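Here's the structure we're looking at; comments come further down.
The values are calculated or read from the model by the stated rules, or taken from the named source; none is laboratory data. For clarity, every value in this text was computed on a predicted model and none was experimentally measured. Ideal geometry is used to build each Cβ from the backbone, glycine not excepted, and the neighbour counts take in all protein chains shown.
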Amino acid sequence: MTGEKVLVTGGGGFIGSHLIPKLVELNYDVYSLDRYVTGRYVLGGQRSVKTVFCNLNDYFSVRKNIRDIKPEYIIHLAALSAVSFSYDHPLEVLETNFLGTVKLAEACLQEVSHFKHFLFAGTSEEYGNQKHVPIKENAELNPNSPYSVSKVAADKYLQYLHDAYDFPVTIFRNFNTHGRKKNTHFVVERTIVQMLKGERVLLGDPTPVRDFMYVDDHVNAYLTCLGNEKAIGEVFNFCTSRGVSIEELTLNLRKFTDFKGEVIWNTIPARPLDIDVLIGDNSKAKTVLGWTPKYTLEEGLKKSIDYWKNKL
């Protein structure tokens, strides 16, 4: 509805920077919560988005900002999200991703009497290694990194708040997403940029299988759920339900970029634990919400390649 307040945490990040302009187009009153003053001011449509700077680990600051803004909706994207980083920084990751989420949700419960919906960015990493794929939402969670442990803990806490206090939450278990416009840390963007530059491509393990979704489909998942009564109290996988190995992904990118150079594998330290196969079952999102991915893997990769071609 026009004029309702939406607070997006991590608004300057990958998904937030794609989602906020869409929310502005829909005439929400959008606030972006960011941790650092980094010069990343998110502009949307006809007007600037209001930016709030707050560290989620500071509960008094979190409560004050929630009390001042009184948002009807929160889309909680802020997290330390690099799995590899979490192995070396477990305390920082747990404090931000788990306790930061608890503080934000509790502040909504305490400070906003008319609060309508808390959308939480969980992760497919919560599933870990599973015997049965594609993975359904009711699979037993098997986290195998500090990052995924932090997300499972937050996920469980939010479900407890729903059961105990009717806290209106939706848990998103989003699978691997590509389409970044700045960050080349992740495998799709890193491979594309190396190939377009004609450099040797340095990658890690070629064998893991992942379910890659294009960013526009990820953003559309939030827009489909926002304020949707059918979504409240539910957990959803957002994914394509199609798996591809990192090696097969690289072969696709080689073909689409016309790369003739060398790909060198296992140049990145192996993780202490990794997930062999991560493919989601998106049938619940299709049935309950009518959400379906619009882009095939190939269509999404070509869009990512076109963007980086123009940028480089």
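What about L289, is it more than 15 Å from R190 (Cβ to Cβ) and not basic (K, R)? In short, yes. Candidates V209, V235: the one that is more than 12 Å from A285 (Cα to Cα) and either surrounded by 16 or more Cβ atoms within 10 Å (Cβ to Cβ) or in contact (Cβ under 8 Å) with a residue 24 or more places away in the chain (or both) is V209.
Against the test of being surrounded by 15 or more Cβ atoms within 10 Å (Cβ to Cβ) and either over 27 Å from G128 (Cβ atoms) or free of Cβ contacts under 8 Å to residues at least 60 places away in the same chain (or both), the options W291, W308, W265 yield a single qualifying residue, W308.
Any residue in segment 290-312 that is assigned to a strand (DSSP E or B) and not basic (K, R)? No, every residue in segment 290-312 fails to be assigned to a strand (DSSP E or B) and not basic (K, R).
Every test in (1) part of a loop (DSSP other than H, G, I, E, B); (2) under 22 Å from N183 (Cβ atoms); (3) out of contact with any Ser or Thr (no Cβ under 6 Å at 6 or more places or on another chain) is passed by F85 save one, and that test is (1).
Of all the listed residues (V102, V149, V133), the sole one being in contact (Cβ under 8 Å) with a residue 40 or more places away in the chain, closer than 25 Å to N282 by Cα, aliphatic (A, V, I, L, M) and assigned to a helix (DSSP H, G or I) is V149. Taking the condition surrounded by fewer than 20 Cβ atoms within 10 Å (Cβ to Cβ) and either without any contact (Cβ under 8 Å) to a residue 12 or more places away in the chain or not in a helix (DSSP H, G or I) (or both), does L141 pass? For L141, the condition - surrounded by fewer than 20 Cβ atoms within 10 Å (Cβ to Cβ) and either without any contact (Cβ under 8 Å) to a residue 12 or more places away in the chain or not in a helix (DSSP H, G or I) (or both) - is met. Condition (residue is modelled with pLDDT of 90 or more and out of contact with any strand residue (DSSP E or B) (no Cβ under 9 Å at 6 or more places or on another chain)) applied to segment 73-83: is it met by at least one residue? Within segment 73-83, one or more residues are modelled with pLDDT of 90 or more and out of contact with any strand residue (DSSP E or B) (no Cβ under 9 Å at 6 or more places or on another chain). When the residues of segment 163-196 are narrowed to those that are part of a loop (DSSP other than H, G, I, E, B) and hydrophobic (A, V, I, L, M, F, W, C), which ends up nearest to E125 (Cα to Cα)? Filtering first and then ranking leaves F175. On the stretch given as segment 242-262, residues that are among the aliphatic types (A, V, I, L, M) and in contact (Cβ under 8 Å) with a residue 60 or more places away in the chain total 2. Do you know which of the residues in segment 268-288 that are in contact with a strand residue (DSSP E or B) (Cβ under 9 Å, 6 or more places away or on another chain), of a type outside the set (S, T, Y) and outside any loop (DSSP other than H, G, I, E, B) is surrounded by the most Cβ atoms within 10 Å (Cβ to Cβ)? Going through the qualifying residues, I end up with G280. The residues of segment 272-290 that are within 13 Å of T224 (Cα to Cα) and among the basic types (K, R) amount to a single one, K286. For segment 74-119: of the residues being among the aromatic types (F, W, Y) and surrounded by fewer than 24 Cβ atoms within 10 Å (Cβ to Cβ), which is nearest to K156 (Cα to Cα)? Here the residue is F98. Scanning segment 238-260 for residues that are exposed (fewer than 14 other Cβ atoms within 10 Å of the Cβ) and either in contact with a Cys (Cβ under 9 Å, 6 or more places away or on another chain) or part of a loop (DSSP other than H, G, I, E, B) (or both) yields D258, K260.
Scanning segment 144-167 for residues that are aromatic (F, W, Y) and either under 16 Å from F236 (Cα atoms) or buried (at least 22 other Cβ atoms within 10 Å of the Cβ) (or both) yields one hit, Y147.
Of the residues making up segment 118-127, one or more are touching a Pro at 6+ places or on another chain (Cβ under 7 Å) and within 19 Å of R63 (Cβ to Cβ).
Of the residues screened, L202 is one that is within 25 Å of Y87 (Cα to Cα), among the aliphatic types (A, V, I, L, M) and either touching a residue at least 60 places away in the same chain (Cβ under 8 Å) or buried (at least 22 other Cβ atoms within 10 Å of the Cβ) (or both).
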